[in-house]
């Protein structure tokens, strides 16, 4: 495995991304954050924790979105359901979708479809930890990017989180 981001670099990257979101959404007025299940939640939880250091916690509207039944690339077999928890309206809000890795773009397309069940946002932005730039199958691009990498199709980007994997780093697996 080749390390893309160490634990310290990952922490700094999350701080930078949360500050970039705040630059564009001062005080998070009319803005909601939505993490994509399952692995995007580890990243979005950390983003929210970082934002709480900058703005009062009651200003942060944070939800979690399960896209299992909106995917177009996984149709057969049983799927593990995750929990959707969006306890607020997204109608006319600025939505910041948060996920760990942007690869083909199909996860984000599914998330955009799923969001429509919760209202019509004024704007949707995408915050990504790792962008695999040359792997896109759909015309989707991040507004906030932690790190862009070039990789070949046989490689896999793995984001390790302490609570799930016992360590915190991003690696490229052959």
Note to self: For segment 5-12, check the following and say yes or no: at least one residue is in contact (Cβ under 8 Å) with a residue 40 or more places away in the chain and at positive phi.
What the structure shows: no
Checklist line | Near pairs, Cβ below 6 angstrom, 6+ apart or cross-chain, from segment 142-166 (touching a residue at least 60 places away in the same chain (Cβ under 8 Å) and on the phi > 0 side of the Ramachandran plot) to any residue that is surrounded by 13 or more Cβ atoms within 10 Å (Cβ to Cβ) and not in a strand (DSSP E or B) | finding: none
Notebook entry, point to check: Do we have any residue at all in segment 99-108 that's surrounded by fewer than 17 Cβ atoms within 10 Å (Cβ to Cβ) and farther than 25 Å from residue 10 by Cβ?
Noted result: no
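Using the structure shown, decide if residue 59 is without any contact (Cβ under 8 Å) to a residue 40 or more places away in the chain, surrounded by 12 or more Cβ atoms within 10 Å (Cβ to Cβ) and within 25 Å of residue 138 (Cβ to Cβ).
On the way: without any contact (Cβ under 8 Å) to a residue 40 or more places away in the chain: yes; surrounded by 12 or more Cβ atoms within 10 Å (Cβ to Cβ): yes; within 25 Å of residue 138 (Cβ to Cβ): no.
No: the conditions fail for residue 59.
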Notebook entry, point to check: Can you list the strands (runs of 3 or more DSSP E) found entirely within segment 36-153 that contain at least 2 residues being closer than 23 Å to residue 6 by Cα?
Noted result: 94-102, 123-132, 144-149
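Which members of segment 13-41 meet the condition of being closer than 22 Å to residue 113 by Cα and surrounded by 15 or more Cβ atoms within 10 Å (Cβ to Cβ)? Talk me through it step by step, then tell me what you get.
Of segment 13-41, the ones closer than 22 Å to residue 113 by Cα are 30-41.
Within segment 13-41, 31, 32, 33, 34, 35, 36, 37, 38, 39, 40, 41 meet the criteria.
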Next item on the list: From the list 22, 5, pick out the single residue that is touching a strand residue (DSSP E or B) at 6+ places or on another chain (Cβ under 6 Å) and either under 26 Å from residue 136 (Cβ atoms) or modelled with pLDDT of 95 or more (or both).
Entry: 5
Notebook entry, point to check: With respect to residue 167, is the statement that it is more than 20 Å from residue 23 (Cα to Cα) and in a strand (DSSP E or B) true?
Noted result: no
Note to self: Suppose we filter 3, 13 for residues that are under 21 Å from residue 164 (Cα atoms) and part of a helix (DSSP H, G or I); which single one remains?
What the structure shows: 13
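The values are calculated or read from the model by the stated rules, or taken from the named source; none is laboratory data. Please read all numbers here as calculations on a predicted model, not as lab measurements. Every residue, glycine as well, gets a Cβ built from its backbone with ideal geometry; the counts of neighbours run over all protein chains shown.
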